[in-house]
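The values are calculated or read from the model by the stated rules, or taken from the named source; none is laboratory data. Quick caveat, the model's predicted, so the values are computed rather than measured. Cβ placement follows ideal geometry from the backbone for every residue including glycine, while neighbour counts extend to all protein chains displayed.
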Amino acid sequence: MSHGNIEKLTLLLLENAYSYHKYIFEEIKPFLRGKILEIGCGIGNLTFWLIQHLPVLAIDMNEDYLELIQKKFAKHPNLINTLLWDIRREPPKEIYNQFDTIVCSNVLEHIENDESVLMRFYNLLSNRGRVIIFVPALKILYNQLDLELGHMRRYGKKDLFYKLNKCGFKIYQIKYFNIFGILGWFINGKLLKRKILPKDQLYIFDRLFPFLIKVEKIFPNTLGQSLIAIGEK
């Protein structure tokens, strides 16, 4: 199975991860402002939450995903539109300085030259615009699951801080998210060499997630399966 097919299947599996996406949204909600440019919207798992809050232009390089977004949310007043754009290329001129927030979730790890993409984000944003980055964390955790999804890397805090800062962003915060996800990712990808997360595990994990996230808040921000970074232009 190709990277693209595994990615699509994973997105479809995660479509029912209601709690997981809700809590990602709750983490980033205080930093959202104005019009949102959602980079790599996929099949709309996070888009659903963003459009409840602010106007969103949903962007992806996969036409099938964008068609699905239109079917799901075409009647929602906060969906500005969808746009086909490969972020490794120069963006359309009409979107420069039109957006106050860029949300980029689980995309940068697929890009070889991620710094050039972050620089494009900086140039696209309006004055004092914000970028919200969600990426896989902990380099040591890289395994078969990452490989099958086409991940070129997992990120460390210092790496992500350096890259955002180098591209001109003032860093508000970089924090870990989902400490309990580390175990499942390690067992399935590192030990069992699975190519995709089991559906039944995802179902159980999502049902437990509201409890797990409360427990996570007790611990210092030292580890997590993912990183959330907030930067301002």
The lone exception for residue 105 - which of (1) within 20 Å of residue 21 (Cα to Cα); (2) among the polar types (S, T, N, Q); (3) out of contact with any strand residue (DSSP E or B) (no Cβ under 9 Å at 6 or more places or on another chain) it fails
(3)
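Just to check your reading of the model, which residue among 115, 148 is in contact (Cβ under 8 Å) with a residue 12 or more places away in the chain, buried (at least 19 other Cβ atoms within 10 Å of the Cβ), assigned to a helix (DSSP H, G or I) and in contact with a Lys or Arg (Cβ under 6 Å, 6 or more places away or on another chain)? Spell out how you get there, then give the answer.
Details: 115 fails: buried (at least 19 other Cβ atoms within 10 Å of the Cβ).
Answer to the check: 148.
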Output for the range 33-67, where each listed residue is more than 23 Å from residue 120 (Cα to Cα), crowded, with 19+ Cβ neighbours inside 10 Å and over 14 Å from the mean Cα position of the chain (by Cα)
51
Within the range 26-49, can one find any residue that is at pLDDT below 95, farther than 23 Å from residue 205 by Cβ and in a loop (DSSP other than H, G, I, E, B)?
no
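Go through the range 118-145 and give me each residue that's in contact (Cβ under 8 Å) with a residue 40 or more places away in the chain and aromatic (Phe, Trp, Tyr).
If we filter the range 118-145 for residues that are in contact (Cβ under 8 Å) with a residue 40 or more places away in the chain, which is where we start, we get 118-119, 121-122, 124-138, 141, 143-145.
Those that are in contact (Cβ under 8 Å) with a residue 40 or more places away in the chain and aromatic (Phe, Trp, Tyr): 121, 122, 134.
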Set 36, 28: member being touching a Pro at 6+ places or on another chain (Cβ under 8 Å) and touching a residue at least 40 places away in the same chain (Cβ under 8 Å)
36
Just give me the residues in the range 76-99 being at pLDDT 95 or above, more than 19 Å from residue 62 (Cβ to Cβ) and either within 20 Å of the chain's Cα centre (by Cα) or not in a loop (DSSP other than H, G, I, E, B) (or both), in sequence order.
78, 99
Return yes or no: is residue 140 within 21 Å of residue 39 (Cα to Cα), of a type in the set (A, V, I, L, M, F, W, C) and not in a loop (DSSP other than H, G, I, E, B)?
no
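Given the options 174, 196, 132, name the one that is assigned to a loop (DSSP other than H, G, I, E, B) and buried (at least 19 other Cβ atoms within 10 Å of the Cβ).
Working: 174 fails: assigned to a loop (DSSP other than H, G, I, E, B); 132 fails: assigned to a loop (DSSP other than H, G, I, E, B).
Unique residue meeting the criteria: 196.
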Hits in the range 100-112 - residues which are over 21 Å from residue 181 (Cα atoms) and not in a loop (DSSP other than H, G, I, E, B)
100, 101, 102, 103
